[in-house]
Amino acid sequence: MTTEDGDLRDLPTHTPGPAELADLELLLNGAFHPLTGFLGAVDSATVAAAGRLADGTPWPVPVTLTVPEDLVKEERLVLTDPEGVPLAVMRAAEAWQSPGELPDPQGDAAAAGWRVAGPVTPLSAPEHGAFRSLRLPPEAVRAELGGATTLAVATRTPLHRRHLGQVRRLAEKLAARVLILPLLGEGHHDSLVRAVLSVRRELPPGTLVVPVPLAERPGRDLLLSAHVAAAYGATHLFTPSFTAADEEAAPLTLAEPEPWAYDESLEVWRPTSKIDPDHVREEPTEEELAGLLHRGEPIPDWYTTPAVAEELQRAHPPRHGRGVTVFFTGLSGSGKSTIARGLADALVERGGRTVTLLDGDVVRRMLSAGLTFSREDRDLNIRRIGFVAAEITRHGGVAICAPIAPYARTRAEVRRMVTAAGDFVLVHVSTPLEECERRDRKGLYAKARAGIIPEFTGISDPYEAPEDADLTIDTSRLSQEDAVARVFEYLAEGGWVREV
């Protein structure tokens, strides 16, 4: 593995997280022009504060790379994909520590960590990700468009009948080519692309579909999409899945379509201005659409095409057939393992679901043997549990996890991994510390208070009680049977377990 800088085989390697890998791909293919690498402290701060790089160039979001602390002194890094394929070499011009004020590339806005900044040079084209043949670089798309007026449609959701009508009308008004940019963040990427491809025949001839791996930036998604669309050669942008942006900061024209609605009297979609208000049928809200999918009910044909409806139903099956992770967290001795085991038994007895129990002690012996109880290794243990749980969930199973999981950031990382594949239920077993100590048959708390066990959660190391728990249970107030029944009832009420 060599470049003009010489042999790279001895350089340290780093695999960025999913969001940073997406950023890396767009840095390498030119979609993040004028950026040529990951940003340093000054540029990141000015972008976060004013939407501009330090030299005044407009840019909407910090694009940064988080690394372990042991890599911050390296002059060059080889960045690889999850399978270890080298994608780029980075010349680290700066190492800096985020104070926690910048958005974390993995989605934790409160996180602080080490970053490295500097230009990246491609080593090989990315090969990971579905629909790779459609993911053309901006240069190729610009060549295909040939400088024509182009309406880009950047979307994180499928295009329903209203969107299709608005796009057709805008393209006709602008005499424009159409470029659909499905934005691939976390979740059902393949489903979004298939849904878009299924309606391509409903759009003007010559419409291009180019999936773009673009991590979500809440509040700045539209502006970042505008910069990316401009890099692909678009002159106008329509964004059906998000709104609100500073138009003056956008590098192209934001196309605002005339409002459309469904005319019940004629059974067609058309501009709202042409419809008698009494004949306007309201679209289902996101919550209502999610409810239809949860219950396995059909999506109205007047709202979306059959192909899109089928794709939505495939990506979001009814909850009783959808994968779910039930993640228990709590202090040692809180009762979480006992409840988890009881819940697994109850679900097996009920039948109809494939159940896997990932208990803390068992995982330590089988999945995480050799790890210590340092904070870094405890985090790694939870990530391993999260990875396995996400795969079980992806394939429609029920994963029941019962680690201590003391740190909020790591729990949030697991939630993101799982929700990209299915559903996630966080159960906080909030049994007080005093009761956990009283129950301690192994004498662990006593050893921790005596200093024999270092970094023991609740004594010499903190437990960050979750603020995002879906269910909280105190086993000092509930019997084991009642606690299991409480969780089971929650799953049944939510639709993950069918009523009998």
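The values are calculated or read from the model by the stated rules, or taken from the named source; none is laboratory data. Because the structure is a prediction, the values reported are computed rather than measured. Cβ: placed from backbone, ideal geometry, glycine included. Neighbour counts: every protein chain shown.
Quick look at the numbers
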item: Top-ranked residue in region 409-458 [being small (G, A, S) and more than 35 Å from the chain's Cα centre (by Cα); ranked as surrounded by the most Cβ atoms within 10 Å (Cβ to Cβ)]; result: A448
item: In region 344-377, residue nearest to R415 (Cα to Cα) [restricted to those that are out of contact with any strand residue (DSSP E or B) (no Cβ under 6 Å at 6 or more places or on another chain) and touching a residue at least 60 places away in the same chain (Cβ under 8 Å)]; result: R375
item: Residue in region 227-237 that is of a type in the set (F, W, Y) and surrounded by fewer than 21 Cβ atoms within 10 Å (Cβ to Cβ) present; result: no
item: Condition check for A140: over 30 Å from P271 (Cβ atoms), modelled with pLDDT of 95 or more and among the aliphatic types (A, V, I, L, M); result: yes
item: Residues of region 131-151 classified as closer than 12 Å to A31 by Cβ and not charged (D, E, K, R), total; result: 5
item: Top-ranked residue in region 421-455 [being small (G, A, S) and not in a helix (DSSP H, G or I); ranked as nearest to D377 (Cα to Cα)]; result: G451
item: Failed criterion for M366 (all others in (1) under 29 Å from the mean Cα position of the chain (by Cα); (2) modelled with pLDDT of 95 or more; (3) among the hydrophobic types (A, V, I, L, M, F, W, C) hold); result: (2)
item: Any chance R217 is touching a residue at least 60 places away in the same chain (Cβ under 8 Å), basic (K, R), outside the structural domain of F32 (by TED's automatic domain parsing) and touching a helix residue (DSSP H, G or I) at 6+ places or on another chain (Cβ under 7 Å); result: yes
item: Whichever residue in region 260-291 is in a helix (DSSP H, G or I) and either on the phi > 0 side of the Ramachandran plot or of a type in the set (A, V, I, L, M, F, W, C) (or both) and, among such residues, is modelled with the highest pLDDT; result: L289
item: Failed condition for S198, given (1) surrounded by fewer than 21 Cβ atoms within 10 Å (Cβ to Cβ); (2) in contact with a Ser or Thr (Cβ under 9 Å, 6 or more places away or on another chain); (3) under 24 Å from M417 (Cα atoms); result: (3)
item: Residues of region 24-56 satisfying the condition of being surrounded by 22 or more Cβ atoms within 10 Å (Cβ to Cβ) and in a loop (DSSP other than H, G, I, E, B); result: A31, F32, L39
item: Some residue of region 130-149 being surrounded by 19 or more Cβ atoms within 10 Å (Cβ to Cβ), part of a strand (DSSP E or B) and assigned by TED's automatic domain parsing to the domain that holds E258; result: no
item: Looking only at region 296-309, and only at residues there that are assigned to a helix (DSSP H, G or I) and touching a residue at least 40 places away in the same chain (Cβ under 8 Å), the one that is surrounded by the most Cβ atoms within 10 Å (Cβ to Cβ); result: V308
item: Residue in region 129-138 that is more than 23 Å from the chain's Cα centre (by Cα) and of a type in the set (A, V, I, L, M) present; result: no
